[in-house]
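The values are calculated or read from the model by the stated rules, or taken from the named source; none is laboratory data. A quick note: this is a predicted structure, and the numbers were derived from the prediction, not measured. Every residue, glycine as well, gets a Cβ built from its backbone with ideal geometry; the counts of neighbours run over all protein chains shown.
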Amino acid sequence: MDNRPCSLFLAFFFLFCVLLPTRAGIIYVNGNGATPPYTGQSWDHAFINIQDGINAAVADDEVWVAYGHYIERITLKNSVRVYGGFAGVETNRAQRPPFPRVSPDPYETRIDANKAGGTVTANNIIGAVLDGFTVEGANSSGGIVMSSSSTTITNCHITGNQGAGIIGGGNGPDRKPLVTANIIDYNYTGIQACYYGIITGNTISHNDGDGLLTCYYAAVTGNTISHNNGDGLKSCSPATISTNSISHNVSDGMQLCDNAVGSGNTISFNGQYGINSCAGAVLTSTVISDNTLGATYGRLSLISCLVTRNGGGLLSFNADGVAKVVNCTIAANTGDGLAFTGNGIFINNIIAFNKRGLVRTSGATLPSFSYNDVYGNITDTTAYDYVGLADQTGNAGNIKEDPLFANRASGDFHITGGPCVNTGDNNAVNTGDVDLDNAPRIQNGIVDMGCYETGNVTLPLSLFFSVQPGGGTAPVRLNPQPVVRVQDATGALVAHTGSITLSIKSGTGPAGATLLGTTTMPIINGRAVFWNLAVNKPGAGYVLTAVSDGLPSVDSQPFSTAANPWCDLNRDGLFTLADITYALRVWAGLDQPT
């Protein structure tokens, strides 16, 4: 029986499922001296335009772009990853000079629209990556224009665009662009309308307007948002806003971010208010300091926050509704400590050493005010602890005593014992609440007043696989993809900064196995979510190890992957050139198919 037709089918099927993706895995672009023919298959014969490289790529390919000035507009493609910043000699992406780069960067890779429109476009794109470029020269449309896309923008310098640096984003929970580790400066607006975006670890500064504008449902974490000519964040509602430094913006730190939630921010040195008109927002463990007009203006809730050295009035509620201020330290402001109109709930706070303390400016309804220390609020030697309402000392647990700050002159508002220790109301504390040092509340049976608990005990942090990696058919992606979280000794999720890297644990899985995909992911809201990991060999007993700076490593549970019988033609469990040789020998009639 002639087996050559079957063998021919096997050989061509092998070429289809293995060889073609391997051949087209890396597309090269080099505008600095590539020579014809421009095939994109090597640095010497690279394409000279970035878009040509993208057009030649298929899903899961990478486009490597050598340094230089590329005057063109590009459109990204589904699951195609585009990397810049190469010297033009690399054989492995890890050889690319690392980011962040020195300035001037000898390997800067510039994409310049030359004012012809948007520089980079990603509409209805999933899985694309843009990594390592300077994006410049857009007109009013923006440097990077996205719509309904889950695209990753990282290690880019987005600058000098007449519109926004980045405009647009996703359109729901299933379309979430990731914008991480970029410098976004000297645009009209930094990031605009990045709906559902994950915006983390960026420097967003010196833009002509706002740093972030209308980024609804975004997760804004770990960014430096400073020196913008408008607000730091404006109309980002609802959004998660955590662990950011928001400072030195000409207008407000945050404005019109209704119903935003977050923790761990520092909002300081802004030209007007730290937080302005963010109705319904809830911020915890945040420092609001040195803002010119005041810390906040509007109806919002603050929990375990430090509010200090602000001027022109600290808190002012300009709308009906209930504001809630719990376990905050409001001290050493040059204006009022807490000014209010309308309803409010104020519990377990220290309001001390301001120009005036608790000030009722108007409104028929008195606030709920209990277990607070209002002390030493003096103007021109006259005490103004309570203005517009009766002195509440002795009522509902309120006191008027020196809180005994550790060092008020240097801005250390920890309490060193005295009247504010163990004198708060436990009913105002929720399970899992922490103080400004991220230490647990109620350490000695009764909560303290103010933003810090005495006797703080920092619980050790650890990594934990909240989603264990699953196997599959190598080299197809793992299913499920792992998720690693940062937690304390109680198992509570901890908002932590940094990144988590995964690798195959030494001595597990088959020899020579490699973990493929994006092995390092940023920690966002206490979690690192991996999305495209795979192993290159089938086998049993794989274990992944997770590491992050300053934290002990942790291992996953073991998992296995199976061989793909359609591509592993010689049945040795591997995907190598031996399969090619075997297929050709079968086709030639030298071997029998197995």
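Out of the residues in segment 327-377 that are assigned to a loop (DSSP other than H, G, I, E, B) and among the small types (Gly, Ala, Ser), which is surrounded by the most Cβ atoms within 10 Å (Cβ to Cβ)? Reasoning before the result, please.
Taking segment 327-377 first, the residues assigned to a loop (DSSP other than H, G, I, E, B) are 327-328, 332-335, 342, 348-349, 353-355, 363-367, 371-372, 376-377.
Among the residues that remain, those that are also among the small types (Gly, Ala, Ser) are: 332, 335, 342, 363-364, 376.
Working: ALA332: 21, GLY335: 19, GLY342: 19, GLY363: 15, ALA364: 6, GLY376: 19.
Looking at the filtered set, the residue picked out is ALA332.
Taking the stated definitions as given, is TYR386 of a type in the set (Ser, Thr, Tyr) and closer than 24 Å to THR286 by Cα? Let's see the steps before the verdict.
On the way: of a type in the set (Ser, Thr, Tyr): yes; closer than 24 Å to THR286 by Cα: no.
Taking the combined requirement at face value, the residue does not satisfy it.
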- Note on the structure: Residue set ASP380, ASP402; condition surrounded by fewer than 15 Cβ atoms within 10 Å (Cβ to Cβ), modelled with pLDDT of 95 or more and out of contact with any Cys (no Cβ under 7 Å at 6 or more places or on another chain); output residue ASP402
- Name, by its number, the condition in (1) part of a loop (DSSP other than H, G, I, E, B); (2) in contact with a strand residue (DSSP E or B) (Cβ under 9 Å, 6 or more places away or on another chain) that does not hold for GLY417. (2)
- In segment 62-78, which residues are among the hydroxyl-bearing types (Ser, Thr, Tyr) and more than 15 Å from ASN123 (Cβ to Cβ)? TYR67, TYR70
- Message: When you scan segment 439-452, do you find a residue that is of a type in the set (Lys, Arg) and surrounded by 18 or more Cβ atoms within 10 Å (Cβ to Cβ), even just one?
- Response: yes
- Message: Take the residues in segment 214-242 that are more than 17 Å from ILE524 (Cβ to Cβ) and surrounded by fewer than 24 Cβ atoms within 10 Å (Cβ to Cβ); name whichever of them is modelled with the lowest pLDDT.
- Response: SER237
- Query: Of the residues ALA396, ALA428, which single one is assigned by the TED database to the domain that holds ALA331, in contact with a strand residue (DSSP E or B) (Cβ under 7 Å, 6 or more places away or on another chain) and surrounded by fewer than 13 Cβ atoms within 10 Å (Cβ to Cβ)?
  - Reply: ALA396
- Task: Report the residue count in segment 399-414 for those that are in a loop (DSSP other than H, G, I, E, B) and either within 25 Å of VAL287 (Cβ to Cβ) or among the acidic types (Asp, Glu) (or both).
- Result: 5
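With a cut-off of at least 1 residues that are among the acidic types (Asp, Glu) and either under 21 Å from ALA295 (Cβ atoms) or not assigned by the TED database to the domain that holds VAL529 (or both), name the strands (runs of 3 or more DSSP E) lying wholly within segment 169-276. Outline the logic, then answer.
Numbers: elements: 178-180, 183-185, 189-192, 198-200, 203-205, 219-221, 224-226, 240-242, 245-247, 261-263, 266-268, 273-276.
Counting at least 1 such residues, we get 183-185.
Would you mind finding the one in GLY165, GLY172 that is small (Gly, Ala, Ser) and at pLDDT 95 or above?
GLY165 is the lone residue from the list that is small (Gly, Ala, Ser) and at pLDDT 95 or above.
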- Task: Please go through segment 80-136 and pick out each residue that is in a loop (DSSP other than H, G, I, E, B), more than 17 Å from HIS157 (Cα to Cα) and among the hydrophobic types (A, V, I, L, M, F, W, C).
- Result: VAL80, ALA87, VAL89, ALA116, ILE125
